[in-house]
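Colleague: Submitted below is the structure of interest, expressed as structure tokens.
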Amino acid sequence: METTTIITDTHTHLYSEEFDQDRSEMIQRAIDAGVSRFFIPAIDSSCTESMYELERNYPDNVFLMMGLHPTYVKDNYLEELQHVEAELAKRKFYAVGEIGIDLYWDKTHLPQQQIAFRRQIQLAKKYRLPIVIHCREAFEEIFEILEEENSDDLFGIFHCFSGTYEQALQAISYNMKLGIGGVVTFKNGKIDQFLNQIELKHIVLETDSPYLAPIPYRGKRNESSYLVNVLNKLSEIYGLTPNEIAATTTENSKAIFGI
């Protein structure tokens, strides 16, 4: 597929060690495929330096977020939150993320995850930044906090959205765009069954690479160039050309990130 339009990957872990052998080639493949804007979520303080290095190497393509990922909320989470706070105070970021609640791997730190999520939402409001939400088996818990924090200055992306139609509408009601990636191409992904009822203005594209590769790469390492497969699937779902999908979703990403 040839696209003349800029495609935006709103969520990719380009610093992941899975790319250590071929990072620059992998990024070049994406740029050659038309994917030229990469928004990079943070996980914890251990990835900060690698993120800055990516930004130095690709100043026109790489845009950084700062945050503490819920599965990295451990006993030292207050220290990690201090790191997030210090970095946000120091320089420009494009979002606070990825933040949220994950009850898939471990439920023991739920109270800490809730505190971390809430505190980072408040930081996002302070700096007038969007939030990028990670939600796994935790829609109820996340919606509860979003309901309490709901305001005009709460906005962002529900990353890797994999909920129901009703949950999609609820997320949108909190000024969230839905981050759509490889899951939309899965046979059992289910979101493809209702997505055409959601206006395209609420959708942004993402890979979450190196995770969640779309069909036909499912189970393999994901990379940003595979966003084209997601684009093509959305083109089928919405009955629009890949160029139209790319243009609208990139505009949506600009509305969120301000760039």
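Colleague: In the range 96-127, which trypsin sites (Lys or Arg not before Pro) fall in coil by DSSP and have 14 or fewer other Cβ atoms within 10 Å? Show your work: numbers first, answer last.
Modeller: Working: sites: Lys107, Arg118, Arg119, Lys125, Lys126; in loops: Lys107.
Answer by residue number: Lys107.
Colleague: Rolling a 1.4 Å sphere over the protein heavy atoms, what is the accessible area per residue of the chain, to the nearest Å²?
Modeller: 44 Å²
Colleague: Follow-up. Counting only residues 5 or more places away or on other chains, whose amide H sits under 5 Å from the amide H of Lys177 once H atoms are built in the peptide plane?
Modeller: So Lys177 has HN proximity to Gly156, Ile157, Phe158.
Colleague: Could you run the Karplus curve 6.51 cos²θ - 1.76 cosθ + 1.60 with θ = phi - 60° over the range 153-160 and give me ³J(HN,Hα) per residue in whole Hz, x for Gly and Pro?
Modeller: 9, 9, 7, x, 10, 8, 5, 6
Colleague: Helix-only mean residue ellipticity at 222 nm, the chain, DSSP H runs n ≥ 4 weighted -39,500 (n - 2.57), per residue, nearest 500. What is it?
Modeller: Dividing the helical sum by the residues of the chain leaves -12000 deg cm²/dmol.
Colleague: Just Ala246, Ala89, Ala213 to compare: in a GNM of the chain, with alpha carbon springs under 10 Å, which one fluctuates most?
Modeller: Ala89
Colleague: For Ala95, what residues show an amide H to amide H distance below 5 Å, using hydrogens built from the backbone and excluding near sequence neighbours?
Modeller: Counting only residues 5 or more places away or on other chains, the set is Met66.
Colleague: Which shape class, rounded, prolate or oblate, goes with the range 1-49 when its Cα gyration tensor gives a ≥ b ≥ c as root eigenvalues, a/c under 1.5 marks rounded, and past that a/b bigger than b/c marks prolate?
Modeller: The shape class here is oblate.
Colleague: For the range 178-227, just say rounded, prolate or oblate: build the C-alpha gyration tensor, square-root its eigenvalues into a ≥ b ≥ c, call rounded for a/c under 1.5, and beyond that prolate if a/b exceeds b/c, oblate if not. It would help to have the intermediate numbers written out before the result.
Modeller: Working: a/c = 3.07, a/b = 1.54, b/c = 1.99.
Oblate shape, in that a/c is at least 1.5 and b/c is the bigger or equal ratio.
Colleague: Still on this structure, I have one more. Rounded, prolate or oblate: which fits the range 1-92, taking a ≥ b ≥ c as square roots of the Cα gyration tensor eigenvalues, rounded meaning a/c under 1.5, else prolate when a/b beats b/c? Mind showing how you got there, number by number?
Modeller: Details: a/c = 2.37, a/b = 2.03, b/c = 1.16.
The shape class here is prolate.
Colleague: OK, next. Could you tell me the distance between the Cα centroids of the range 1-51 and the range 208-259, to the nearest Å?
Modeller: What the calculation gives is 13 Å, centre to centre.
Colleague: Can you give me the % of accessible surface on the chain that is carbon or sulfur? Probe 1.4 Å, all protein chains present, nothing else counted.
Modeller: Looking at the chain in its full context, I get 47 percent from C and S.
Colleague: Another question, if that's okay. Tell me, what ³J(HN,Hα) does each residue in the range 81-94 have, in order and in whole Hz, if you take phi through Karplus 6.51 cos²θ - 1.76 cosθ + 1.60 with θ = phi - 60° and put x for Gly and Pro?
Modeller: Values per residue, Gly and Pro as x: 5, 5, 4, 4, 4, 5, 5, 4, 6, 8, 7, 7, 10, 9 Hz.
Colleague: At most 11 other Cβ atoms within 10 Å and a DSSP loop assignment: could you name the GluC sites (Glu not before Pro) in the range 175-227 that fit?
Modeller: When the GluC sites (Glu not before Pro) of the range 175-227 are filtered for loop state and at most 11 Cβ neighbours within 10 Å, Glu199 remain.
Colleague: Related question: Using θ = phi - 60° and the Karplus form 6.51 cos²θ - 1.76 cosθ + 1.60, what ³J(HN,Hα) does each residue of the range 204-221 get, whole Hz, x for Gly and Pro?
Modeller: Rounded to whole hertz, the list is 10, 9, 7, 10, 6, 4, x, 9, 6, 4, x, 4, x, 9, 3, x, 9, 5.
Colleague: Cα centroids of the range 59-136 and the range 145-161: how far apart, whole angstrom?
Modeller: 13 Å
The values are calculated or read from the model by the stated rules, or taken from the named source; none is laboratory data. Because the structure is predicted, anything quoted here is derived from the model rather than measured. A quick note on method: Cβ atoms are made from the backbone with ideal geometry, for glycine too, and the neighbour counts reach across all protein chains shown. Remember, those area values only see protein heavy atoms, side chains included, never the ligands or the DNA or RNA. Shrake-Rupley method; radii C 1.70, N 1.55, O 1.52, S 1.80 Å.
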